[in-house]
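One structure is given below, encoded as structure tokens.
Readers should treat all values here as calculations from the given coordinates under stated rules, not as data from a laboratory. Nothing here was measured: the structure is a model prediction, and the numbers come from that model. In this analysis, Cβ positions are derived from the backbone assuming ideal geometry, glycine residues included, and neighbour counts consider all displayed protein chains.
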Amino acid sequence: MSGHRTDDPGRPRPRFPEDRVPQVRKRIAWELSQLDVGPSWTILTGGARGADLIAAEEALRLGARVELCLALEPEDFLNRSVRDGANGSVWEQSFAYVRDHATVEVLPGDAGDARGSQIFARANDWMIAKLAAAPEAHALLIWDGVVATGGGTGNAAQQALKTVREKSGTFTIIDPTPRAYAARQRGPGPKKILTLTGGGLRGVISLEILAEIESQLRDTLGQPDLVLADYFDYLAGTSTGAIIATGLALGKSVDEIRTRYHQLGKLAFRRSLASVPYLSRFGASGITEQLEEFFGTDLTLGDPRLRTLLLLVLHRIDSDSAWLLSNCTQAKYNRTDRLITEGGADRNLDLPLVKLVRGSTAAPTYFPPETVQVGQQRVRFQDGGVTAFNNPALIAAVMATVPAYGLGWPTGNRDLLVVSVGTGVRAQAGPERSWQPLESLANLGRLPSVLMNGSAFSQDLLCRVIGDCRFGPELDREVGKLTGQLFPAHDLDAWEQQQELSQQVGIPAIGQYFSYVHYDSDLGPDGLTAAGIADQDWPAVTAMDNYRQIDNWQKLGTLAAQDVAVGKHFSGFLPPRPSGEAA
């Protein structure tokens, strides 16, 4: 058993801060209980503050024999690896207790490999050699997944894995990284999901709606500095929605994102002179530079600075499949056991976030695909809007509630709120063309928009049927809005059948899986006229890539934002105002 020391004071990027000790101790105790550790067991560990001493204390508590494998003589080791951090006196007491109740061994002068000057790396090698000599071997490491040069926990993990596999033992990694969003995964109370639809630069419309939601939440909750990451637990985005969702998940205000988004549009959506018509209208460098400048180059999907759960939708080209990447730490491909695999570490939490966002926005004919290193593979991604999940509302609810995805949140219209924000919707009608080849080329150019609009509509429709739709614009003239009671008052038999079936299978009835709100802008003639858009601008406004239409999209978004009514639409999901404040 080995792992990270607790962080030195002022460590720039927290790895194992002192306030994570109780959680790590609890997890170590649970893992030892799963192995049925007791007096017949021998536990090998170092003596550094943090993982080593926690493991030793918990093993002694269970009556196991502990071998304390020190890289230096006890007093020197105490000064180098125990007293030098925060809570040094507490760890010193822990070290004294373990030393007095364990078998203490000091690294022999000839132990280790060619890295003789690296005393702590040599100590790890020595401990692994002891593990290899045992008739049965198991390994438990406290590790954040980063492989540093010159030895350390990462190298120890790789060596221990080989030894454990040879002996058919268990290998467990506990990641102590303090992720800001971790409490959102298991916290009590109703859960709130915000989903953002793809649609190119029409994301400007979404931002105006989001600004109104943020403003009303600030007023309703009496929190003038509230950002949407303070209210929503899970953010999901496809394509341009992925950009906005990532900014919100990092705790940025809508105004900050809006300013940067407008700049991104003007710089990234400039047609390259070298672009090939109907292949890629724009180069990748402009949007990549803007994303890196806004989010930073070092962010990963599991970055500790993310304040909410985050879901990004991409399309993997070689397998022609949707890739639904979330930062849930309990998801199969995010778990710490992915850090050590036959082919090398491939935990999705460690994928570069900017590349994933860029991949989600790589709409065919607009931007070239994005290549991401996933384990030992180089994988090419394109816009998630070409999947079935351009509107990610339903898939976000599924991933939040189905236990196989790692969360398993409760379902029900009182337990889960899904708020979906669109980028404008209409059935586009282009001018007739008499020459067939030109018509085919024009249709090819509109293909991403056609796919995205159809996908967004179908997901919105399904959400209104499965969920309890509190608000949404008209879907079409046949079904209307599908808000409120799904079954007509006269069809009591159908309603009773649904309730009976719900009780039998133990899941909410149709129309009650979650509460659902959908805000969007009407890009049809009525909506464009109401927003004051000149007739000659209509074709450009319904397109996705004309940055000169930002002002018109803002008008449309401002008009759509008039539908936002947080007090009514979010009722039952609003925490009380601070005591003493009037509403």
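Couple of notes before you dig in:
- For the range 2-174, alpha-carbon Rg relative to the globular expectation (2.2 N^0.38 Å, N residues): 0.96
- If you take all other residues with their beta carbon under 13 Å from the beta carbon of Asp225, and give Lys and Arg +1 and Asp and Glu -1, the sum is -3.
- The alpha-carbon of Lys266 sits under 26 angstrom from the alpha-carbons of these lysines, leaving out residues fewer than 8 places away in its chain: Lys252, Lys355, Lys555.
- Burial ordering of Asp346, Asp298, fewest other beta-carbon atoms within 10 Å first: Asp298, Asp346
- For Lys568, the lysines whose Cα falls under 18 Å of its own Cα, not counting residues fewer than eight places away in the same chain, are Lys191, Lys192, Lys481.
- Separation of alpha-carbon centers, the range 526-547 and the range 64-103, rounded to whole Å: 70
- As a proxy for reagent exposure, ranking Phe367, Phe295 by other Cβ atoms within 10 Å from fewest up yields Phe295, Phe367.
- Candidate cross-link partners of Lys167 among the lysines, defined by an alpha-carbon separation under 16 Å and a same-chain spacing of 8 or more, comprise Lys130.
- Of Asp225, Asp526, the sequence from fewest to most neighbouring Cβ atoms within 10 angstrom is Asp225, Asp526.
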